[in-house]
Amino acid sequence: KNNINTKFNIEIIKTEGDKEISKNIKSYLNKHIDTSLKEKIKIELNSSYTKKGTSKDSEGKVTVYKISVTTFFKIIDDKENKNITISRDLTFNRFEDIFEQKKYEDKIKRDISKLITDSFITELIATK
């Protein structure tokens, strides 16, 4: 079995943008933090979230939405700063029940945040 270390001494020094996405990413990153490691990685993150109607029915009601999440990670290093941008999109059909749609959108935000975090950790592993 290939054991790749996914633990890093990460310090999030600044978050901007969509608070919910940033909170989710911080939560998922916590699973990869080991403060006993010597090399500390300082990061800033800035997340954006957009939801747009992409299709409408004959009455002009939105029937399909597209959610886009982009997160900019800035790794602050003594030698050089590195920027990593990760984006994920998802489309879904409108729900008749607004409450169910809100629950679904919250789940999408969590799922996309996890995908973005996993991609970021993969990038960190690749640069080590």
Fill in: Test result for Asn5, touching a helix residue (DSSP H, G or I) at 6+ places or on another chain (Cβ under 9 Å) and modelled with pLDDT of 95 or more
no
Fill in: Positions within the stretch 114-128 being part of a helix (DSSP H, G or I) and either free of Cβ contacts under 8 Å to residues at least 40 places away in the same chain or open to solvent by 30 Å² or more (accessible area, probe 1.4 Å) (or both), in sequence order
Lys114, Leu115, Asp118, Ser119, Thr122, Glu123, Ile125, Ala126, Thr127
Worksheet item: Among Thr50, Thr63, which is over 21 Å from the mean Cα position of the chain (by Cα) and touching a residue at least 12 places away in the same chain (Cβ under 8 Å)?
Response: Thr63
Worksheet item: Can you find a residue in the stretch 35-47 that is touching a residue at least 12 places away in the same chain (Cβ under 8 Å), in contact with a Phe, Trp or Tyr (Cβ under 6 Å, 6 or more places away or on another chain), more than 13 Å from Glu11 (Cβ to Cβ) and not acidic (Asp, Glu)?
Response: yes
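The values are calculated or read from the model by the stated rules, or taken from the named source; none is laboratory data. Everything quoted here is computed from the prediction, not taken from an experiment. Heads up, the Cβs are rebuilt from the backbone with ideal geometry, glycines too, and the neighbour counts pull from every protein chain shown. With ligands, DNA and RNA removed, areas are computed over all heavy atoms of the protein, side chains included. Shrake-Rupley method; radii C 1.70, N 1.55, O 1.52, S 1.80 Å.
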